[in-house]
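Notes to accompany the following structure.
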Amino acid sequence: MIDVRLLRTDLESVRARMVRRAKPELLLQLDEAVALDVRLRELATERDTLRRQVNDLSKQVGQLRRDGRAEEADSAMSQSRELGEQERALATQTSEVDEQLRQVMLRIPNIISDEAPEGVSDEANPVIRVHGLDGRTFADHQRVPHWETGVALGILDNERAAKISGAMFTMLRGAGATMARALCQLALDRNADAFEEIRPPTLVTTATLTSTGQLPKFADDAYAIERDDLWCVPTAEVPLTSISAGEILDEVELPKRFMAYSPCYRRESGSAGRDTRGLLRGHEFDKVEILAYAAPEQGRTLLDEFVARAAGTIEALGLPYRVIAICSGDLGQSHHLSFDIEVYAPGCDKWLEVSSVSWFGDYQARRADIRFRRTGQKGTEHVHTLNGSALAVPRVLAAILENYRLPDGSVAVPDVLLPYMRGMTTIGPK
RNA sequence: GGAAGGAUGCCCGAGUGGCCGAAGGGACACGCCUCGAAAGCGUGCGAGGUUUUUGCCUCCGUGGGUUCAAAUCCCACUCCUUCCGCCA
């Protein structure tokens, strides 16, 4: 969440940036938060004054008892008792207001970076650069959607996936399954120079899913395991961000970098009927995520590095892609500044989002309470968090099945994947 | 799932209901000493809120309760350790 103190010191500037998100109701939420904050501080001050009186009296009781002045002790005691009752009433009120404020704050999105382009929806996202398409044309044999190729080659079996788990689940077989794993391995290997590999839990608590911003607002998008009060992670960002939750790091540790392969679970509640074929959208998919905790001044540079890393892997796979900037109206709740990487799939003639790289400022760190201490300085600051998909498997796989499709209907294995494919150089029909 | 023990500051660790935000030690920082260092000595050293400062308030796993007063007593929960059961 954003710093409540910004509402007291810099309200107009917060308001101006919320306006850019093009969601008018946000301003009302801000007003509500401001009012609650004012009320909270009034109540808290009053409560603390009473507490002080009770504390003082209680100390006196002890002292008077020791001095054998029983009558005075009794009188102080009953006085303290009365004030204590008032204090309790006020404390209850205070924590109610505190909780109300927290609930409002949890739903207020992050401050947008000045760098985020202006725009109301994803249609306004500007293309930053395009790679691998200059004057290029695609052959007819590449104009076959991956779901046809996948089924023909026996490496994609969504029919049986549906039998097992229902609609919007996918199943890879044979060389398809191998290639999915190869892609994970590739992404992990390419980032192992700078990131510690983690194999995190993928069922997490409500608190963990709240830290990254999925809860409370987007509960419908996540799978809940209610009996055990756990949630299936929609991305490894969730457990990775909470690794250092509640901790205070040393400045010298920053940036602290993690990467993880994990399955990702999404209900796709708002997308019924969209991209139902093939590998473009499923309830469960594999992804390799990279993430860093950083000092604020490191954030912007790291963001570029993350984009370069994600794009570099796509480039190494020989796939055409473009980088787009996410405009103000399309930026996610927790995001300060984001870039997406989209790969071109000639078979279905679509740009597929295969990576989203984001800088969160201290928005997540404040929720997760991740701080750091500057060397030689007193006090702590919240870290900045950044993360991005190093590689989202199904869509990259789809793009490979289309870009690398050969005239005879088989699919060539991209060179960088050869070491991971048990000697396979092409995927042919069984 | 059953039984027992535990959870205190960066770490270790003491703590009889009031004089405990917390002894002592280590680590760390600064100073003295030294050519320099080690050792010695001295000083400092948890976090957060509010506040111009002083101050005040909160925090001893979490949440409740008892009490004028809780790290200390009671209840529930969580996690850790060990044993039994079960199991990849």
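The values are calculated or read from the model by the stated rules, or taken from the named source; none is laboratory data. As the structure is a prediction and not an experimental result, all values here were calculated from the model. With ideal geometry, Cβ positions are generated from the backbone for all residues, glycine too; neighbour counts draw on all protein chains shown.
Which ones in region A:31-42 are more than 9 Å from RNA strand B (Cβ to nearest atom) and buried (at least 19 other Cβ atoms within 10 Å of the Cβ)?
A:A33, A:L36
Checking A:W351 against (1) out of contact with any Asp or Glu (no Cβ under 8 Å at 6 or more places or on another chain); (2) in a strand (DSSP E or B), which single condition isn't satisfied?
Here A:W351 clears every test but (1).
Being among the acidic types (D, E) and near RNA strand B (Cβ under 7 Å from one of its atoms) is the requirement here; does A:D48 meet it?
yes
Is region A:113-136 home to any residue that is surrounded by 12 or more Cβ atoms within 10 Å (Cβ to Cβ), closer than 24 Å to A:A310 by Cα and over 28 Å from the mean Cα position of the chain (by Cα)?
So far as region A:113-136 goes, yes, one or more of its residues are surrounded by 12 or more Cβ atoms within 10 Å (Cβ to Cβ), closer than 24 Å to A:A310 by Cα and over 28 Å from the mean Cα position of the chain (by Cα).
What about A:V396, is it away from RNA strand B (no atom under 16 Å from the Cβ), assigned by TED's automatic domain parsing to the domain that holds A:S334 and buried (at least 24 other Cβ atoms within 10 Å of the Cβ)?
yes
Being within 11 Å of RNA strand B (Cβ to nearest atom) and under 30 Å from A:R15 (Cα atoms) narrows it down to one residue among A:D98, A:D56, A:D74; which is it?
The conditions single out A:D98.
For residues that are away from RNA strand B (no atom under 16 Å from the Cβ) and not charged (D, E, K, R), tally how many sit in region A:353-383.
So the answer is 9.
Hey, could you check region A:65-82 for residues that are at negative phi and in a loop (DSSP other than H, G, I, E, B) and say which is surrounded by the fewest Cβ atoms within 10 Å (Cβ to Cβ)?
A:D67
Give me the pairs: first residue in region A:11-36 and on the phi > 0 side of the Ramachandran plot, second residue in a helix (DSSP H, G or I) and at pLDDT 95 or above, beta-carbon distance under 7 Å, and six or more apart or on different chains, which are they?
Here the result reads A:A22/A:S328; A:A22/A:G329, each pair linking region A:11-36 to a residue that is in a helix (DSSP H, G or I) and at pLDDT 95 or above.
Out of curiosity, is A:T425 more than 21 Å from A:H141 (Cβ to Cβ) and hydroxyl-bearing (S, T, Y)? Spell out the reasoning first.
Numbers: more than 21 Å from A:H141 (Cβ to Cβ): no; hydroxyl-bearing (S, T, Y): yes.
Criteria not met by A:T425.
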